[in-house]
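Bear in mind that the values in this text are calculations on the coordinates, not laboratory data. Predicted model, so just to flag it, every value in this text is computed and none were measured. Cβ placement follows ideal geometry from the backbone for every residue including glycine, while neighbour counts extend to all protein chains displayed.
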Amino acid sequence: MRTNALLTSVAIWTSALAQQETVRYQDPETGITFASITHANGASYRVALPINSTSSDAVLQIVAPKEFQWCGLAWGGHMTNNPLSVSWTTGATSGQKAIVSNRMAYSYYAVPQQYDGAEHTYLKGTTSNDTHWQVTARCQGCTRWSSADGDIDITTVSETVFAYACSSYAPDTPNSNTSQFNIHEQFGIWNHNLDLGRSESFGDWIRNNPYEASVEV
Ligand code: HEM
Ligand SMILES: *[C@@H]1O[C@H](CO)[C@@H](O)[C@H](O)[C@H]1NC(C)=O
Ligand SMILES: *[C@@H]1O[C@H](CO)[C@@H](O)[C@H](O)[C@H]1NC(C)=O
Ligand SMILES: *[C@@H]1O[C@H](CO)[C@@H](O)[C@H](O)[C@H]1NC(C)=O
């Protein structure tokens, strides 16, 4: 249960972040058109959806400056009882350079657990360079879920509330998607315009952008 104090602090955060807006963004590497937001901390959260969705399918892209060791997206706009796509850099210079982990938190005082209701499939654009790391992945299960919050379906709405969290401390085992990690230093909550990322091309985007681990040259 959230306390009134927590709700109040959330309301302040929401208004503080209202300057950032969702924009349509076409990723040059994959051609995918996302509904994208870049927060004041430099991290971007991008979502693409099928045009008239009949499933829980989405494509997610998280791009984070390297000062962050992990950043996550909360699909229900708060920490608990909704799918979390938690991503981080593995630190590897070849092979898999970034990871996304499907989690759900059931309280504020434990590491979010593996969430079997969602599955991420990596796409092209999961990589890192000198300044940023990024994950591009299909998520099946991130846009519809059942939890203590009820039966939620965000594919039927034009706009929804998302939340993020980021930390500058690395997960304990950066090359594992089941790693433990510690509490965030930052979080934020915002309204995301999903319509900007809906397309008839959704199926083609997934078919045309299989993941390729990077090779050291
Ligand atoms: C070990 C992992 C984590 C711990 C121990 C933790 C702990 C907490 C605690 C104690 C709060 C409430 C205190 C405050 O307002 O600062 C909080 C708030 C919050 N956390 Fe976490 N957290 C963890 C991971 C995550 C992850 C992975 C996400 C998102 C992907 C996340 C998103 C949020 C958000 C959005 C809030 C604001 C309150 C809300 O809207 O629910 N947290 N967290
Ligand atoms: C999506 O739904 C709208 C509204 O029902 C309809 O007009 C449109 O033709 C549909 N598009 C596709 C590609 O099915
Ligand atoms: C980790 O990856 C495996 C294999 O892709 C997957 O089955 C599992 O659900 C993932 N776990 C988490 C917590 O993301
Ligand atoms: C590093 O990656 C980020 C995120 O994809 C990108 O914006 C930036 O242009 C890249 N930098 C270089 C030098 O390629």
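Annotations
- With both residues required to sit in the chain, DSSP beta bridges show an antiparallel share near 95%.
- Cα-derived Rg over Rh, computed across segment 79-189 with Rh taken as Kirkwood radius: 0.96
- A protection proxy built from the mean count of other Cβ atoms within 10 Å ranks the segments 98-109, 53-64, most packed first, as 53-64, 98-109.
- Taking only the C-alpha atoms of the chain, Rg followed by Dmax gives 16.1, 54 Å.
- Estimated translational diffusion coefficient (Stokes-Einstein, Kirkwood radius over Cα pairs, 20 °C, 1.002 mPa s) of segment 130-217: 128 µm² per second.
- Judged by the mean number of other Cβ atoms found within 10 Å, the most tightly packed of the peptides 76-84, 200-208 leads the ranking 76-84, 200-208.
- Computed log10 I(q)/I(0) for segment 36-137 at 0.23 Å⁻¹: -1.32, from the Debye equation with unit scatterers placed on every C-alpha and solvent omitted.
- Counting Lys and Arg as +1 and Asp and Glu as -1 over every other residue whose Cβ lies under 13 Å from the Cβ of Trp133, the net charge comes to 0.
- For segment 114-174, average projected area of the Cα convex hull in nm²: 6.3 nm²
- Mean ellipticity per residue at 222 nm, deg cm²/dmol - from DSSP H runs of n ≥ 4 across the chain, formula -39500 (n - 2.57): -2500 deg cm²/dmol
- Net charge contributed by nearby residues that have their C-beta within less than 13 Å of Trp205 (K/R +1, D/E -1): 0
- Neighbour net charge for Trp145 - beta-carbon separation under 14 angstrom, K R +1, D E -1: -4
- Under 5 Å from the amide H of Lys97 lie the amide H atoms of Ser214, each residue being 5 or more positions distant or on a separate chain, with H modelled from the backbone and absent for Pro and chain starts.
- Whole-Hz ³J(HN,Hα) from phi, Karplus 6.51 cos²θ - 1.76 cosθ + 1.60, for segment 180-190, glycine and proline x: 6, 8, 9, 4, 5, 9, 9, 8, x, 9, 8
- Under 5 Å from the amide H of Ile32 lie the amide H atoms of Asp27, each residue being 5 or more positions distant or on a separate chain, with H modelled from the backbone and absent for Pro and chain starts.
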